[in-house]
1. Within the range 146-254, which helices (runs of 4 or more DSSP H) (wholly inside it) include 1 or more residues that are of a type in the set (S, T, N, Q)?
2. Go through (1) closer than 12 Å to A34 by Cα; (2) surrounded by 19 or more Cβ atoms within 10 Å (Cβ to Cβ); (3) among the charged types (D, E, K, R) for R166 and report which single condition fails.
3. For the range 180-197, which residues satisfy the criterion of being open to solvent by 30 Å² or more (accessible area, probe 1.4 Å) and more than 18 Å from V27 (Cβ to Cβ)?
4. Within the range 222-241, which residues are open to solvent by 20 Å² or more (accessible area, probe 1.4 Å) and touching a residue at least 40 places away in the same chain (Cβ under 8 Å)?
5. With the requirement that a residue be assigned to a helix (DSSP H, G or I), among the hydrophobic types (A, V, I, L, M, F, W, C) and under 22 Å from the mean Cα position of the chain (by Cα), what does the range 104-139 give you?
6. What is the number of the single condition among (1) modelled with pLDDT under 95; (2) open to solvent by 60 Å² or more (accessible area, probe 1.4 Å) that R200 does not meet?
7. Of everything in the range 149-191 that's out of contact with any Lys or Arg (no Cβ under 7 Å at 6 or more places or on another chain) and basic (K, R), which residue is modelled with the lowest pLDDT?
8. Of all the residues that make up the range 80-129, how many are open to solvent by 50 Å² or more (accessible area, probe 1.4 Å) and either among the hydroxyl-bearing types (S, T, Y) or free of Cβ contacts under 8 Å to residues at least 12 places away in the same chain (or both)?
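The values are calculated or read from the model by the stated rules, or taken from the named source; none is laboratory data. Note that the coordinates shown come from a computational prediction; the quantities given were computed from them, not determined experimentally. Cβ: placed from backbone, ideal geometry, glycine included. Neighbour counts: every protein chain shown. All accessible areas refer to the heavy atoms of the entire protein, side chains included, with ligands and DNA or RNA removed. Shrake-Rupley method; radii C 1.70, N 1.55, O 1.52, S 1.80 Å.
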Amino acid sequence: MTGGLVLEGVTAGYGAVRVLHDIDLAVADGSITAVVGANGAGKTTLLRTITGQLRPSAGSIRLTGGAGGKGGKGGEGGKGGTDLTRVPVEDMVRHGVALVPEGRGVITELTVEENLRLGGLWRKDRRAAAEVLTQMYELFEPLARRRKAAGHQLSGGERQMLALGRALMAAPALLLLDEPSLGLAPKVTASILGMLRRLRDDTGLTVLLIEQNVRSALAVADHGVVLNLGRVVASRPAAELAEDTDLRHTYLGF
Ligand code: ATP
């Protein structure tokens, strides 16, 4: 599966509180986009809206390309791609959308292997799921060594790898990550973000990355989007954004 993401005019919030205002955003198929911004800019709300935990009050969210394997219910056709605003949250994974939530979502009572298997549970093809499990152990060697360890026994970096591995078990077209660097040492962050690049290069995975660690995120991303008070204030190649001192000072605080 491959998949790009297109948001047009997305407005969303909590009850009467509007948090996202008229968001236009495109993530090209097989690329990494980083969404950066200060605390409260609306980054997590954006991910919640894309993954169907919150429904936008206006605008469209489409997954483009060859994704949307299930057909029909997601509202394929029309302007092209799958209309994610009509996909129930529990069906997102079948449509090729996987989320690594902030705080990682690893089930700490379960072992590494059990957590990984959970990620592939919805697949009907057991052999394919077993193959992907082997691939995950090749990609994340520390997890292979600790496959019988419980989630709570893992280091922060191992937990983040496990969360990433679990999401990848679903063979997503689009991977969404909320603050993967949170609480990790810089070296571990670099290694996790480096893996995203490898996945993009090797499998054509499309990635939308939400980060407070702006430097690291822009270093790994192809494209950068700056969110401020729920609005897109810049959308440019990541390298260009990283060098824009005025923009950094105004919106990103460094
Ligand atoms: P952070 O990095 O601090 O998580 P963020 O950019 O992810 O920031 P959000 O968490 O999306 O920002 O929050 C954006 C705004 O939405 C904030 O003003 C916040 O108070 C508000 N908000 C977040 N969650 C809720 C909620 N469940 N109910 C009401 N308002 C909320």
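1. Result: 156-168, 186-203, 214-220.
2. Among (1) closer than 12 Å to A34 by Cα; (2) surrounded by 19 or more Cβ atoms within 10 Å (Cβ to Cβ); (3) among the charged types (D, E, K, R), R166 violates only (1).
3. Taking the range 180-197 first, the residues open to solvent by 30 Å² or more (accessible area, probe 1.4 Å) are 182-183, 185-188, 190-191, 194, 197.
Answer for the range 180-197, where residues must be open to solvent by 30 Å² or more (accessible area, probe 1.4 Å) and more than 18 Å from V27 (Cβ to Cβ): L182, G183, A185, P186, K187, V188, A190, S191, G194.
4. Result: D222, H223, N228, L229, R231, V232, S235.
5. Across the range 104-139, the qualifying residues are V112, L116, L118, A129, V132, L133, M136, L139.
6. Result: R200 passes all but (2).
7. The extreme case among them is K187.
8. Looking only at that region, the number is 7.
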